[in-house]
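The values are calculated or read from the model by the stated rules, or taken from the named source; none is laboratory data. The model shown is predicted, which means the values in this text are computed figures rather than measured ones. Because the Cβ atoms are built from the backbone with ideal geometry, glycine has one as well, and the counts that use them run over all protein chains shown.
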Ligand SMILES: [Zn+2]
């Protein structure tokens, strides 16, 4: 996932109960935010035996710190997944020299 891109790029990875990757949904945002289309995500979640989700995206600024939008999106997705009996395992932001893990920072 190249951080040099001038827009945020990311993915939603769906894993089954055995921890195997079922599907990767690619996300493309603008220069400083990444939209997660829940109306698109929900049918994909329900169409497969997904149990765990990992979000990840890059910051074109090179800084790994989450934006307010990143924090809000993480909370929204985590809450949505709980409704379906699924878990957001982590949301990782990749910067130029560092990564930010919501789980690692105790935010999930
Ligand atoms: Zn971000």
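What tally of residues in the stretch 67-89 results from selecting those that are within 13 Å of residue 103 (Cα to Cα) and in contact with a strand residue (DSSP E or B) (Cβ under 6 Å, 6 or more places away or on another chain)?
First pass over the stretch 67-89, keeping only residues within 13 Å of residue 103 (Cα to Cα): 71, 74-75, 78, 87-89.
Applying the additional criterion that residues be in contact with a strand residue (DSSP E or B) (Cβ under 6 Å, 6 or more places away or on another chain) yields 74, 78, 87-89.
Of the residues in that region, 5 qualify.
Kindly establish whether residue 28 is surrounded by fewer than 16 Cβ atoms within 10 Å (Cβ to Cβ), in contact with a strand residue (DSSP E or B) (Cβ under 8 Å, 6 or more places away or on another chain) and over 18 Å from residue 85 (Cα atoms).
Values: surrounded by fewer than 16 Cβ atoms within 10 Å (Cβ to Cβ): yes; in contact with a strand residue (DSSP E or B) (Cβ under 8 Å, 6 or more places away or on another chain): yes; over 18 Å from residue 85 (Cα atoms): yes.
For residue 28, the condition - surrounded by fewer than 16 Cβ atoms within 10 Å (Cβ to Cβ), in contact with a strand residue (DSSP E or B) (Cβ under 8 Å, 6 or more places away or on another chain) and over 18 Å from residue 85 (Cα atoms) - is met.
Suppose we keep only residues that are in a loop (DSSP other than H, G, I, E, B) and surrounded by 12 or more Cβ atoms within 10 Å (Cβ to Cβ) within the stretch 2-23. Which one would you say is modelled with the highest pLDDT? Break it down into steps so the answer makes sense when it comes.
First pass over the stretch 2-23, keeping only residues in a loop (DSSP other than H, G, I, E, B): 2-8, 16-20.
Next cut, surrounded by 12 or more Cβ atoms within 10 Å (Cβ to Cβ) only: 3, 5, 7-8, 16.
Details: 3: 46, 5: 57, 7: 83, 8: 85, 16: 97.
The extreme case among them is 16.
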